[in-house]
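The next block holds one structure in the form of structure tokens; read it before the comments.
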Amino acid sequence: MEPAEELEEEDSPGGREDGFTAEHLAAEAMAADMDPWLVFDARTTPATELDDWLAKYPPSQVTRYGDPSSPNSEPVGWIAAYGQGYTPNSGDVQGLQAAWEALQTSGRPITPGTLRQLAITHQVLSGKWLMHLAPGFKLDHAWAGIARAVVEGRLQVAKVSPRAKEGGRQVICVYTDDFTDRLGVLEADSAIRAAGIKCLLTYKPDVYTYLGIYRANRWHLCPTLYESRFQLGGNARGSRVLDRANNVELT
């Protein structure tokens with residue numbers, strides 16, 4: 001599976017937000033990644049079993065650290081769905097991280113362009129659409145739509161965070177193979193909208209996650225490339241996608 005993902009809300013450039021630093025968010029995400037996951041794997045499990053699995057493990061009820069009254073008594077890091085064609089491929093993450101350390105000590109500027117080149121050099125190209133929803137029916141309904149799209153082959157792989165003890169919104173991540181493939185990223189957005197999702201989406205390359213670059217980072221970088229807003233009528237895609245770096249609408 002792909003790297004641990006941040007549990008915060010939509011990314012924004014730099015600074016310190018909500019009392020959390022990028023390092024704190026990275027540590028929380030890594031801890032979630034290390035704990036057991038609840039996984040529906042369409043490569044080994046019949047699609048006919050999906051509805052029962054979704055009913056058994058609604059993300060608004062599955063708790064991060066387990067509870068006798070919840071569907072899980074032990075900690076759960078993530079709830080995930082793997083499509084039939086899902087093949088994990090994270091590239092040369094160790095080489096990426098070594099190059100990142102060298103870059104930081106070199107004194108050279110750290111920009112979105114340098115991070116993009118690092119990702120391409122080390123073939124760490126995956127990325128994900130992120131959506132944040134409050135615990136409850138809307139979250140469970142959205143996750144069910146995304147999981148069905150994965151199992152039916154319209155999306156490749158997705159995951160959702162369990163409910164935290166302190167509450168707050170939960171994140172659904174929908175992955176694509178290559179963040180430099182803009183058409184593929186937009187096709188995934190269309191599939192997400194076709195699954196009935198109407199909330200704001202933001203797209204983040206995994207290179208930022210592997211390097212621990214979250215919204216409140218010291219380089220004042222915005223880790224998300226695109227945002228997608230649902231549009232009712234007038235657009236067959238169902239959304240308008242904005243290139244955040246260049247402030248240009250793509251659809």
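The values are calculated or read from the model by the stated rules, or taken from the named source; none is laboratory data. Predicted model, so just to flag it, every value in this text is computed and none were measured. All Cβ positions, even for glycine, are placed from backbone atoms using ideal geometry, and neighbour counts span all protein chains on display. In case anyone asks, the SASA skips ligands and DNA or RNA and just uses the protein heavy atoms, side chains included. Shrake-Rupley method; radii C 1.70, N 1.55, O 1.52, S 1.80 Å.
Of everything in region 195-215, what is crowded, with 24+ Cβ neighbours inside 10 Å, in contact with a strand residue (DSSP E or B) (Cβ under 6 Å, 6 or more places away or on another chain) and farther than 18 Å from residue 115 by Cα? Give them in sequence order.
201
I need the full set of residues from region 127-151 which are under 21 Å from residue 42 (Cβ atoms), assigned to a helix (DSSP H, G or I) and among the aromatic types (Phe, Trp, Tyr), in order please.
143
Need the failing condition index for residue 158 against (1) small (Gly, Ala, Ser); (2) buried (at least 23 other Cβ atoms within 10 Å of the Cβ); (3) touching a Leu at 6+ places or on another chain (Cβ under 7 Å), just the number.
(3)
Restricting the search to region 223-241, which residues are open to solvent by 10 Å² or more (accessible area, probe 1.4 Å), over 15 Å from the mean Cα position of the chain (by Cα) and modelled with pLDDT of 90 or more?
229, 230, 240, listed by residue number.
Residues in region 164-184: is at least one among the polar types (S, T, N, Q), surrounded by fewer than 22 Cβ atoms within 10 Å (Cβ to Cβ) and not in a loop (DSSP other than H, G, I, E, B)?
If we filter region 164-184 for residues that are among the polar types (S, T, N, Q), which is where we start, we get 170, 176, 180.
Within this subset, residues satisfying the condition of being surrounded by fewer than 22 Cβ atoms within 10 Å (Cβ to Cβ) are 180.
Checking the rest, the ones that are also not in a loop (DSSP other than H, G, I, E, B) come to none.
Taking every residue of region 164-184 in turn, none turns out to be among the polar types (S, T, N, Q), surrounded by fewer than 22 Cβ atoms within 10 Å (Cβ to Cβ) and not in a loop (DSSP other than H, G, I, E, B).
Of the conditions (1) in contact (Cβ under 8 Å) with a residue 24 or more places away in the chain; (2) surrounded by fewer than 21 Cβ atoms within 10 Å (Cβ to Cβ), residue 192 satisfies every one except a single condition; which number is it?
Against the list (1) in contact (Cβ under 8 Å) with a residue 24 or more places away in the chain; (2) surrounded by fewer than 21 Cβ atoms within 10 Å (Cβ to Cβ), residue 192 comes up short only on (2).
Name, by its number, the condition in (1) of a type in the set (D, E, K, R); (2) modelled with pLDDT of 80 or more; (3) more than 22 Å from residue 142 (Cα to Cα); (4) open to solvent by 60 Å² or more (accessible area, probe 1.4 Å) that does not hold for residue 52.
(3)
Which of the residues that make up region 100-126 are farther than 27 Å from residue 184 by Cα, in a helix (DSSP H, G or I) and either open to solvent by 30 Å² or more (accessible area, probe 1.4 Å) or among the acidic types (Asp, Glu) (or both)? Steps first, please.
Of all residues in region 100-126, those farther than 27 Å from residue 184 by Cα come to 101-109.
Next, only the ones that are in a helix (DSSP H, G or I) stay: 101-106.
Selection gives 101, 102, 104, 105, 106.
So which of 207, 151, 124 ends up being modelled with pLDDT of 95 or more and within 30 Å of residue 74 (Cβ to Cβ)?
Working: 207 fails: within 30 Å of residue 74 (Cβ to Cβ); 124 fails: within 30 Å of residue 74 (Cβ to Cβ).
Matching residue, one of 207, 151, 124: 151.
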